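S.K.: Would you mind keeping the following structure in view while I ask a few things?
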Amino acid sequence: MLKTEKLSVSYGPLQALSELDLEIDGDGVLHGVIGPNGAGKSTLLDAVCGRRRPTAGTVRYRGQDITRRSVAWRRRHGMARSFQRTSIFQDLTVYEQLRLVAQHLGDRRLDDVIQVMDLADYLDEKAGRIAYGVQRRVDVALALIGRPHLLLMDEPGAGLSAVETLRLFQHLRDLVRERKIAAVAVEHDVDAVFACCDKVTVLDLGRHLATGTPAEIRADRRVVAAYLGSAA
Amino acid sequence: MIALLIANSLALASLLIMLSSGLALIYGLRDVINFGHGALYMLGAYLGYTVALLGGFWLALFVVPILLACLGVAFERLVLRPLQSRSHIEVALVTLGLGIILGQILIFFYGGAARSVDAPRILSGSIEAFGLSYPA
Amino acid sequence: MTAMQALLVSFLIVAVYAAILGALIARTNPLAFMMLTLAAGEVISHSVMLEGLRDYTGGADGLVVGFKGAVLGMQAADFANAARFWPVAWTAAWIAGLIIWTVRRSRLGAILRAVRENEERMRFSGFNTYAPRLIAFVLINMIAAVSGLLHVLNAGFVSPDSLSLSVSTNALVAALMGGVASSAGPIVGGLIFSFAQDEFGAHDATQLFTGVAVVAFIILIPRGVVGGILDAARQSTRSLVGRKRP
């Protein structure tokens, strides 16, 4: 589904991502990415979704080299992204913005998305007026439209309580399994990640540290030393 | 000839630099595009003329920046803070309107004719550089 | 070339110019776009004063523009006559309003509104955000071209003043006064502005009026006259119907 080869991104002298090789398999996989601040997690998502041009390396999506493709192209071909800082349309109602994107991407089953993200009660509200937690659900819903094959989520739990984050991740896991899609979730809340993700990748200072099942990562001494040890 | 052009350009450019750095500063720090900036420049010039008439060039050079600084504080308190929640373009347009009003007020008080301020002795006359005198 | 042909050619030239300019600047962020349109306007208004083009543009003195024959069944004298001219201008204004209204309600309108809200998210939702903005830019320039051509027919005269920045700021103030959130707003605003300008012109204070109007309207009536009326109507229906919120 997704494969990065020696992906590197630098902002001037700062090397945010160094030669990262990552592989995400297809059907029904929820893949978590964790790491301390500055590990390059958001940069990874930016490079994969096309928001940032990598300084070196390639991004392969479903076998194709898409490193040079535009953001809009990637979205139209099934790679959707949600944002750490909620990025929705404040002045449009929830329904208006969902419908606008659904029409564009040719998705006739908008009700599915509304139901999955539990937005039925908020459809006629202007997005700027609803609670933050609901706004985040709208952010994710916008990414779910059009039945994407690959979901990239940037800290979906940002600003939510531990309980809400866990619930969100459980939701994501169910969604991913049911629709047989792949999702990559960058997240700070390691508990939710370990509880719900099938695979976890740990980044540190822009480098790949370890990839494995939650159990393997928990036991990995390098990870504990670099990251979990300080968070425990 | 070229030297004269360069000298003139540098003189005008230095004024422009001061003007644009002020504009850039308020945009960079306060996220406000001040369309009335030119009017403030004009105000500074006219106030300078008036103060110079009363107390000479050096007094004007000292007093006018202080006056305009006070105006700047008033501008921030009375205009920018209350309008903080408005969109960029709305604030920019308000500065435009205020700039126009200020310009009209100045024309009302001073009329449209050009005024001049005599340069103090130390800054008048010409200097010699590279075999040429400037201003000629 | 007949007068009608000349008008059509001029219109096409402006349309092409708008397309080229738009192609260059439609990608930029709102602030940069604003400054670039300002710059482009100033380029045009100053280039007509170039000595080399004096024969074509009349330089600072302007050009007297007359024509023989009929345009839309009217003679040059008819256009200069306010009583005969205003139906033409009025009709043109409302047709323009209708076109804008249609675009607002169309898919293009929805896309433009969303792009204004959050351009990045639109790209991330698969939209090409450049094309709609370019189309909108060309469209509004074409409408502006029509108004410019009508002005020339009516005034019989054009000078660098017709191209000055204050023409743009006046149009902006008029739009603000009526309200930019609706299609009828700018038309109403144009009416209010013209009446008010005549009033203030009598006291030789048109510029002052413009400045005061901008500040007053933005601070007190930000949605303009039509916007304010629409808002009030919405509020009263809401209190009458008394909708329950979850």
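S.K.: Using +1 at the C-beta of Lys and Arg and -1 at the C-beta of Asp and Glu, which of B:ILE122, A:TYR61, A:GLN15 has the Cα lying farthest in the positive direction of the dipole of the protein assembly as shown?
M.R.: Projecting each Cα onto the dipole axis, the largest value belongs to A:TYR61.
S.K.: Now, a different point. Scanning chain C for helices, which whole DSSP H stretches are 18 Å or more long along the axis (Cα) and average -1.0 or more by Kyte-Doolittle?
M.R.: C:3-25, C:30-47, C:82-105, C:130-155, C:165-178, C:185-202, C:206-220, C:224-241
S.K.: Per-residue Cβ counts within 10 Å, from other chains only, averaged over C:40-47: what number is that?
M.R.: Average neighbour count from other chains, rounded to a whole number: 0.
S.K.: Same structure, new question: Let's see if you can work this out: charge +1 on each Lys and Arg Cβ, -1 on each Asp and Glu Cβ, no other charges. What is the dipole magnitude of chain A about its Cα centre, in debye to the nearest 20?
M.R.: 760
S.K.: Looking only at other chains, what is the average number of their beta-carbon atoms within 10 angstrom of each beta-carbon in C:213-222?
M.R.: That works out to 5 on average.
S.K.: Please compute the contact order of segment C:1-163 in relative form: average sequence separation of alpha-carbon pairs under 8 Å and at least six residues apart, divided by the residue count, as a percent.
M.R.: 42
S.K.: Can you list residues whose amide H is under 5 Å from A:ALA185's amide H, if they're 5+ apart or on another chain and H is modeled 1.01 Å from N?
M.R.: A:HIS31, A:GLY32, A:VAL33, A:MET153
S.K.: A further question follows. Pick from A:THR211, A:THR93, A:THR43: which residue has the top mean-square fluctuation in a GNM of chain A where Cα pairs under 10 Å get a spring?
M.R.: Of A:THR211, A:THR93, A:THR43, the Gaussian network model singles out A:THR93 as fluctuating most.
S.K.: Can you tell me the dipole magnitude for the protein assembly as shown around its Cα centre, using point charges on the Cβ only (Lys, Arg +1; Asp, Glu -1), in Debye to the nearest 20?
M.R.: Rounded to the nearest 20 debye, it is 1400 debye.
S.K.: Place +1 on the Cβ of every Lys and Arg and -1 on the Cβ of every Asp and Glu in segment A:90-178, take the dipole about the Cα centre, and give the residue among A:MET117, A:GLY133, A:LEU105 whose Cα lies farthest towards its positive end.
M.R.: Positive-end residue among those listed: A:LEU105.
S.K.: Can you compute the helix-only [θ] at 222 nm over the protein assembly as shown? Use -39500 (n - 2.57) per DSSP H run of at least 4 residues, normalise by all residues, nearest 500 deg cm²/dmol.
M.R.: Rounded to the nearest 500, it is -18500 deg cm²/dmol.
S.K.: Based on alpha-carbon centroids, what's the gap between segment A:157-232 and segment B:1-16 in Å, whole number please?
M.R.: Each part reduced to its Cα centre gives a spacing of 63 Å.
S.K.: Relative contact order of segment B:2-134: what whole-number percent is it, with Cα pairs under 8 angstrom and at least 6 residues apart?
M.R.: Rounded, it is 31 percent for segment B:2-134.
S.K.: If you average the C-alpha positions of segment C:196-213 and of segment B:61-103 separately, how far apart do those two centres end up, in angstrom?
M.R.: 22
S.K.: Filter the DSSP H helices in chain A by two things, a Kyte-Doolittle mean of at least -1.0 and an axial alpha-carbon span of 20 angstrom or more, and list the hits by number.
M.R.: Helices meeting the span and hydropathy rule in chain A are A:162-179.
S.K.: Just for chain A, what percent of DSSP beta bridges are antiparallel, to the closest 5?
M.R.: 55
S.K.: Using a 10 Å cut-off on Cβ to Cβ distances, tally the other chain neighbours for every residue of B:25-38 and report the average as a whole number.
M.R.: 1
S.K.: Over segment C:164-246, what per residue volume does the convex hull of the Cα atoms give, in whole Å³?
M.R.: In segment C:164-246, the Cα hull volume divided by residue count equals 110 Å³.
S.K.: I've got another one for you. At 7 Å along Cα-to-Cβ for each site, give me the label-to-label distance between C:VAL65 and B:LEU71 in nm.
M.R.: For C:VAL65 paired with B:LEU71, the spin-label model returns 3.9 nm.
S.K.: Which residue fluctuates the most in chain C, going by a Gaussian network model with Cα springs under 10 Å, if the choices are C:PHE33, C:PHE137, C:PHE11?
M.R.: Ranking C:PHE33, C:PHE137, C:PHE11 by mean-square fluctuation puts C:PHE33 first.
S.K.: Which whole-number percentage describes the relative contact order of segment A:1-94, with Cα contacts under 8 Å and a sequence gap of 6 or more?
M.R.: Taking the mean separation of contacting Cα pairs over the length of segment A:1-94, I get 29 percent.
S.K.: Still on this structure, I have one more. In angstroms, what radius of gyration and Dmax does the protein assembly as shown have, counting Cα atoms only?
M.R.: For the protein assembly as shown, the Cα radius of gyration and maximum Cα-Cα distance read 30.7, 93 Å.
S.K.: Along the charge dipole of segment C:1-163, which of C:ALA155, C:ASN118, C:PHE85 sits closest to the positive end, that is, farthest toward it, with unit charges on the beta carbon of Lys, Arg, Asp and Glu (+1, +1, -1, -1)?
M.R.: The one lying farthest along the dipole's positive direction is C:ASN118.
S.K.: Right, something else. Which FRET efficiency value, to the nearest 0.05, do you get for A:ASP124 and C:TRP101 by plugging their Cβ-Cβ distance into 1/(1 + (r/R0)^6) with R0 = 22 Å?
M.R.: After rounding, the FRET efficiency stands at 0.40.
S.K.: Among C:VAL16, B:VAL117, what is the fewest-to-most ranking by other Cβ atoms within 10 Å?
M.R.: Arranged by neighbour count, lowest to highest, C:VAL16, B:VAL117 become C:VAL16, B:VAL117.
S.K.: Once the Cβ-Cβ distance between B:ARG81 and A:ALA131 is put in as r, and R0 is 41 Å, what FRET efficiency do you end up with, to the nearest 0.05?
M.R.: With a Förster radius of 41 Å, E is 0.90.
S.K.: Next question. Of A:LYS3/A:LYS126; A:LYS3/A:LYS180; A:LYS126/A:LYS199, which pairs sit farther than 27 Å apart, going by alpha carbon to alpha carbon?
M.R.: Check vs 27 Å cut-off fails for A:LYS3/A:LYS126; A:LYS126/A:LYS199.
S.K.: Continuing with this model, one more query. Specify the longest stretch of chain A that does not include any exposed loop site, a site being one of the trypsin sites (Lys or Arg not before Pro) with a non-H, G, I, E, B DSSP assignment and at most 12 other Cβ atoms within 10 Å.
M.R.: Value returned for the longest uninterrupted segment is A:110-179.
S.K.: For labels at C:THR237 and A:GLU178 in the simple 7 Å Cα→Cβ model, what's the distance in nm?
M.R.: Once both label points are built, they end up 3.6 nm from each other.
S.K.: Can you compute the charge dipole magnitude of segment B:2-134 about its Cα centre, using +1 on each Lys and Arg Cβ and -1 on each Asp and Glu Cβ, nothing else charged? Give it in debye, rounded to the nearest 20.
M.R.: Rounded to the nearest 20 debye, it is 220 debye.
All of the numbers you see were taken from the coordinates with simple rules; none came from a lab. Everything numeric in this text was worked out from a predicted model, so none of it was measured. Cβ coordinates were reconstructed from backbone atoms using ideal geometry, including for glycine residues, and neighbour counts include every protein chain displayed.
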